[in-house]
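Shown below is the structure under consideration.
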Amino acid sequence: MLNDKLNVHELTVERCDKETDELIQNASSSFLEQPLSYLKSHQTEYIFINSDSLEEVGIDGLSLELDDVFGNYDAMFGLKLQKKYRKQVEGFFDNTLQGEKAYDLLFNGEDGLWDVNVSINDVPSYSEAMTIGTAVEALYELLSKLHQELNKEN
């Protein structure tokens, strides 16, 4: 059974360099209170978030960064679903996200995961004023709804 809400206080938060993937700093959960716009003022960084709770929605980690080209906030993660669920995942994102092409989805046969890139700007609850923690919670809820839909169908 999925939890409806993510406990942000149990998340592991790392600030990393986009260019080298090197750790800049392990941050406390209070870092999640930073506005999402932190990524605009620190464009050379991405934030990696990890938690056992994320496993409940089929991911083991989540990266957040500002897209250098379009200026959107992006979330990247590996989604643990079989390849056969492509149509359902695409349908869910098409019907839920508010952008024209608000996501990229590629099956990685090597890992057996879907490499997913979602524009946070296109998540229904997005707000320019949201915190990093609120964005993570919104993504958790989005993925929780995806799993609920898949479970309904099966």
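Among the residues of segment 6-18, is any touching a Ser or Thr at 6+ places or on another chain (Cβ under 9 Å), acidic (Asp, Glu) and at pLDDT 95 or above?
Yes; the residues of segment 6-18 include at least one that is touching a Ser or Thr at 6+ places or on another chain (Cβ under 9 Å), acidic (Asp, Glu) and at pLDDT 95 or above.
Also, I was wondering about something else. Considering only residues that are of a type in the set (Asp, Glu) and more than 20 Å from residue 39 (Cα to Cα), which ones fall in segment 102-154?
Of everything in segment 102-154, those that are of a type in the set (Asp, Glu) and more than 20 Å from residue 39 (Cα to Cα) turn out to be 104, 110, 111, 115, 141, 149, 153.
Here is a further query. How about segment 59-87: which of its residues are of a type in the set (A, V, I, L, M, F, W, C) and modelled with pLDDT under 90?
69, 70
Here is a follow-up. Condition first: exposed (fewer than 15 other Cβ atoms within 10 Å of the Cβ) and more than 14 Å from residue 136 (Cβ to Cβ). Now tell me which residues in segment 25-51 satisfy that.
25, 26, 28, 40, 41, 43, 44
Another question, then. Keeping to segment 111-123, report how many residues are part of a strand (DSSP E or B) and either more than 19 Å from residue 54 (Cα to Cα) or among the β-branched types (Val, Ile, Thr) (or both).
Quick first cut of segment 111-123, residues part of a strand (DSSP E or B) only: 113-119.
Filter once more, so that each one left must be either more than 19 Å from residue 54 (Cα to Cα) or among the β-branched types (Val, Ile, Thr) (or both): 116, 118.
Counting residues in segment 111-123 that are part of a strand (DSSP E or B) and either more than 19 Å from residue 54 (Cα to Cα) or among the β-branched types (Val, Ile, Thr) (or both) gives 2.
The values are calculated or read from the model by the stated rules, or taken from the named source; none is laboratory data. Source: prediction; values computed, not measured. Note: ideal-geometry Cβ built from the backbone for every residue, glycine included; neighbour counts use all protein chains shown.
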